[in-house]
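**Student:** One structure, pasted below without further comment.
Rule-based calculations on the coordinates, nothing more; no lab input. Quantities reported herein were computed from a predicted structural model and do not represent experimental measurements. Cβ sites come from the backbone with ideal geometry, for glycine too, and all protein chains shown count toward neighbours.
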Number of protein chains: 2
Amino acid sequence: MSDQKRRIGESAMIARYFAPLCKEDAAYGLSDDAAFLSVPDGQQLVLTKDMLVADVHFFAKDRPDLIAAKALRVNLSDLAAKGAKPYGYMLGLGLPLDWTEDWLEQFCVGLARDQKLFDFPLLGGDTVKSPERLTLSITAFGLLDHHRQVLRKNAAPGDLVYVSGTIGDGALGLQVCKGELADILTQEQHAFLADRFLLPQPRVALREMIARLATASMDISDGLLGDATKMAQAAKVAITISQENVPISDAARAVVTQMPDMWQSVLGGGDDYELLFTIPPKHRIEAESVAKACGVPIAHVGSVGEGNDVHLRDKQGALQSIGNMTAYEHF
Amino acid sequence: MSDQKRRIGESAMIARYFAPLCKEDAAYGLSDDAAFLSVPDGQQLVLTKDMLVADVHFFAKDRPDLIAAKALRVNLSDLAAKGAKPYGYMLGLGLPLDWTEDWLEQFCVGLARDQKLFDFPLLGGDTVKSPERLTLSITAFGLLDHHRQVLRKNAAPGDLVYVSGTIGDGALGLQVCKGELADILTQEQHAFLADRFLLPQPRVALREMIARLATASMDISDGLLGDATKMAQAAKVAITISQENVPISDAARAVVTQMPDMWQSVLGGGDDYELLFTIPPKHRIEAESVAKACGVPIAHVGSVGEGNDVHLRDKQGALQSIGNMTAYEHF
């Protein structure tokens with residue numbers, strides 16, 4: 001609908017910046033509008049999609065390579081949650097009117113770095129004009145053995161509830177990036193939290209363990225309690241989480257020690273990109289030892305029972321209200 | 001990054017509007033962040049992605065069911081061009097701040113209608129806030145026998161060049177929707193062209209013929225001459241098109257008869273969503289008879305030769321310059 005021309009054209013952009021990123025035997029140098037994907041016998045394809053909008057999911061002024069990395073990583077996190085091996089992705093790129101080639105080059109540097117790190121090539125996509133805001137839409141593909149489907153709804157009473165890594169850093173990191181919390185953090189803690197927001201660590205290393213041992217699994221993108229609520233609702237079970245057992249970083253500890261109300265951000269804020277999963281008690285030792293061997297800490301934070309909803313126990317074992325900590329909504 | 005709440009929340013929206021549209025055995029009522037896809041033995045998956053932005057690819061004020069239909073159909077057109085059977089799609093939905101539930105309901109009516117018409121269920125997706133503009137990102141999946149890959153680059157000297165339907169209606173329809181051309185068209189022609197812009201007809205019916213008989217194929221979304229140029233470049237061949245043989249509708253004929261300069265829009269404008277494909281001479285009769293049986297007109301418009309670039313011949317057989325008719329760029 002528009003023939004406005006600016007900087008290099010779409011075809012030249014694809015040839016210069018995106019063709020080098022693509023999987024040759026699926027996307028043919030992006031010379032076609034479609035990609036072709038063969039799924040090995042005995043495997044299924046896992047699909048997931050996350051859109052990211054400037055100044056909604058990241059800051060437009062963030063480093064372009066980190067924006068690219070975050071866009072890939074939030075999708076890799078979804079694949080890891082299903083126990084799937086990263087296969088590749090399609091990129092929808094809506095460029096604002098003020099894009100520059102320098103920006104695009106750095107964005108592609110970020111894509112290239114994480115593609116290599118996670119063995120996750122570009123399969124195709126589309127570039128359009130998105131006048132006001134950079135808008136990214138990633139569709140991610142993973143491979144998984146046929147009979148493995150670690151769905152949220154499979155959480156069963158008696159299962160143990162685990163999380164990976166530490167919880168709450170992303171939400172606190174967002175506040176740090178907004179210029180908050182500076183007076184109560186060391187420089188190192190400040191940098192740590194900002195990094196946790198800007199550059200999530202998808203727990204791809206846990207995927208084999210998740211696929212083999214977990215009953216239910218999801219990544220935590222909208223806050224531990226909000227996402228646990230989604231799991232409880234999908235599985236029609238109750239999930240009880242012990243606040244004391246929720247692993248938090250030293251930086252997050254420094255925040256909640258000085259500002260106890262910030263537990264609400266830690267347990268209810270978004271952008272963790274850690275995994276929330278359930279393990280039957282018989283697999284507990286194996287799950288913990290595999291995670292240790294993978295170098296990714298996991299923590300037993302609660303349990304699944306009959307009933308519904310999420311229940312949070314404080315140090316004294318008393319149930320706390322979580323009403324205002326599951327309210328995270330994207331729009 | 002935002003906890004602004006408005007109308008129904010994301011979870012309720014998914015449950016109410018999108019879960020009824022999903023393929024149950026792949027997407028589990030959208031209760032999970034991922035979908036699972038099994039590809040039948042001997043088949044491959046064809047992937048394509050098209051993003052559509054309000055007032056770039058469609059008008060924000062267009063009927064929401066037609067916006068939904070167009071978003072699906074431009075992707076179905078890409079699948080048809082590869083000869084693939086529609087399998088399903090993922091939807092990235094960026095909603096502007098002023099969205100209403102009425103709008104969303106009508107949008108989903110449009111999705112539901114075309115899902116049924118093309119047997120093309122929802123597999124999953126993501127909903128986000130896209131403050132200024134409705135932004136749609138569709139990733140479409142099709143199935144195709146393993147050994148069929150009807151790539152642009154496979155066009156070979158000696159092949160015959162075909163198009164489906166009529167060319168130029170989409171570009172003229174856009175002008176009609178902008179309030180132009182009213183004085184030179186009958187009411188019926190006016191409505192016909194607007195409809196051709198608003199509601200493309202993906203040529204899914206031709207897919208079996210394309211997969212079996214065509215050497216190269218693509219859909220025409222950026223103008224016949226521009227897309228033919230992409231095919232010529234990918235295949236490193238020359239494509240010669242005879243203007244006289246390019247099929248145009250009665251409405252388009254009325255326009256170019258009164259305004260011969262409008263041939264530039266007909267041959268160079270976007271939004272046709274017809275197919276451009278090449279057929280070896282030995283398959284000519286079969287291709288034409290299959291298309292006839294499918295009820296989709298196809299027309300032999302040119303030929304593939306050694307060389308490069310696209311050449312347009314006028315009625316007298318003289319070569320015309322096409323320099324300014326291949327300039328369509330999306331941003």
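**Student:** In Å³ and rounded to a whole number, note down the convex hull volume per residue for the Cα atoms of the protein assembly as shown.
**Tutor:** Once divided by residue count, the hull of the protein assembly as shown is 145 Å³.
**Student:** Here's a follow-up. Considering the dipole of chain B built from charges on the beta carbon (Lys and Arg +1, Asp and Glu -1) around the Cα centre, which of B:67, B:294, B:94 is farthest to its positive end?
**Tutor:** B:294
**Student:** Okay, next question. Treating the range A:152-325 as a set of equal point scatterers at the Cα positions, no solvent, please give the Debye-formula log₁₀ I(q)/I(0) at q = 0.19 Å⁻¹.
**Tutor:** Listed by q, the Debye log ratios stand at -1.22.
**Student:** So, one more: Restricting things to Cα coordinates, could you compute the convex hull volume per residue of chain A in Å³?
**Tutor:** Dividing the Cα hull volume of chain A by its residues yields 142 Å³.
**Student:** Could you state the angle between the C-alpha long axis of helix A:101-118 and the longest principal axis of the C-alpha atoms of chain A, as a value from 0 to 90 degrees rounded to the nearest 10?
**Tutor:** Tilt relative to chain A: about 50 degrees.
**Student:** Further, regarding this structure: Under 5 Å between amide H atoms, partner at least 5 residues away or on a different chain: which partners does residue B:126 have, H built in plane at 1.01 Å?
**Tutor:** B:91, B:92, B:93
**Student:** Sticking with this one: What is the total of Lys pairs in the range B:10-145 with C-alpha atoms under 17 Å apart, excluding same-chain pairs fewer than 8 positions apart?
**Tutor:** Lysine pairs meeting both conditions in the range B:10-145 amount to 8.
**Student:** Which of these, A:140, A:211, A:234, has the largest mean-square fluctuation under a Gaussian network model of chain A (Cα springs below 10 Å)?
**Tutor:** Ranking A:140, A:211, A:234 by mean-square fluctuation puts A:234 first.
**Student:** Under 5 Å between amide H atoms, partner at least 5 residues away or on a different chain: which partners does residue A:312 have, H built in plane at 1.01 Å?
**Tutor:** A:241, A:320
**Student:** At 37 °C and 0.692 mPa s, what whole-number value in µm²/s does Stokes-Einstein give for the translational diffusion of the range B:199-285, with Rh from the Kirkwood sum over Cα pairs?
**Tutor:** 231
**Student:** Moving on. Which whole-number value in Å³ per residue fits the convex hull of the alpha carbons of the range B:10-145?
**Tutor:** Taking the convex hull of the Cα positions in the range B:10-145, it is 93 Å³ per residue.
**Student:** Explain nothing, just the number: dipole magnitude of the range A:1-101 about its Cα centre with +1 on each Lys and Arg Cβ and -1 on each Asp and Glu Cβ, in debye rounded to the nearest 20.
**Tutor:** 300
**Student:** Let me ask you something else. Quick one: length gained pulling residue B:205 to residue B:315 fully straight, 0.36 nm per residue minus the C-alpha distance?
**Tutor:** 36.5 nm
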